[in-house]
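The values are calculated or read from the model by the stated rules, or taken from the named source; none is laboratory data. Because the structure is predicted, anything quoted here is derived from the model rather than measured. Every residue, glycine among them, receives a Cβ derived from its backbone with ideal geometry; neighbour counts consider all protein chains shown. Ligands, DNA and RNA are stripped out before the accessible areas are found, and what is left, the full protein with its side chains, is counted by its heavy atoms. Shrake-Rupley method; radii C 1.70, N 1.55, O 1.52, S 1.80 Å.
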Amino acid sequence: MASNEDETTSKVTDLASLEQFLSGRDNSVNNLYISDIPNVCKEYPCLLGIDEAGRGPVLGPMVYGIAFCPQNEATVPDALGCADSKALNEEKRDQIFTKICETSNKIGWAVEVIAPNSICNSMLSRNKYSLNQVSMDAAIKLVKCAVSAGVNISHIYVDTVGPPEKYQAYLKTIFPAYGITVAKKADSTYPIVSAASICAKVTRDHALKVWQFQEELNLTHEQFGSGYPGDPVTKKFLADNCDSVFGYPQLVRFSWSTAEEALKEAYYVECDRADPEEAATPSSNTSITSFFKMTSKKSVVKTQHEFFTRRCLSRNVEF
């Protein structure tokens, strides 16, 4: 999956710089951010928590987050007020996130913002790539990112996806050197997971606030709501912004049943996909281009019509 993690990254030190980071990234691809690593997290064994935000909404990204601190500073997340992000209102979450940023000498964090169309393309691909696998891969990627940055991990705590025993065994095969605990409601049991939960939830909230429609829709986040299917504002947005040909803007997870139902009212388009094995040209066959005379003239570069570029449409098959 595409990612913008290699782009030059400005430091996130508060809510304003978080929004600056998010608004400066291409929201059609996945984006990763990791904070500066506290020296104590490099020197001493650390606890690392993992949780997500935005798994269920029909709009916007899913965000995976991690938080880490030394074992001998295990009370830091609790002291900062970290709790299950779903049990806190937005104002309280923002306040705690700000405190986490201000305590950068003892606690670090990272997030991956998984784009809506990335989720949908994964789930609807020929080789089935479930939301659970997308989630697990994001968690694994963040742990590896922390390790590469120098975090001295001792134990990993994870809010489960699917059966906790199975997930824990899977993670143990990938990270055999670490203690691993996968549990239901880990975000309300382990403060370091609560910290990860808050980082993920605050990032998702602000990603929606600064969302820029590549389809040139002039809408603010108040006009599409929380993204949850039961939200009346979200329902209205889905009803008002479904194009009969092109469907929904990239904010919408078109693989969700809520969106699929609405898309039934759109025009039906049939697309034949050749089997990759059948489409491959046998090496013994003569290429059709061999019958044409080569020329030294420079080829004319063809550009897409504005109609397609403004709608973020690209050609996947050459004619």
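A straight line joining the Cα centroids of region 204-244 and region 22-54 runs 26 Å.
These residues, MET136, MET62, go from largest to smallest accessible area, 1.4 Å probe, as MET136, MET62.
Summing Lys and Arg as +1 and Asp and Glu as -1 over all other residues whose Cβ lies under 10 Å from the Cβ of HIS221 gives a net charge of -1. The portion of the accessible surface of region 15-94 made up by carbon and sulfur, rounded to a whole percent, is 46 (1.4 Å probe; DNA, RNA and ligands excluded). These residues, TYR33, TYR178, TYR190, TYR228, go from largest to smallest accessible area, 1.4 Å probe, as TYR228, TYR190, TYR178, TYR33. Using a probe of 1.4 angstrom and keeping all protein chains present, the accessible surface of region 4-209 works out to 40 square angstrom per residue. The share of accessible area on region 117-193 that comes from carbon and sulfur is 55 percent, using a 1.4 angstrom probe. Largest accessible area first, the listed residues TRP211, TRP109 line up as TRP211, TRP109 when surface is computed with a 1.4 Å probe on the assembled protein chains.
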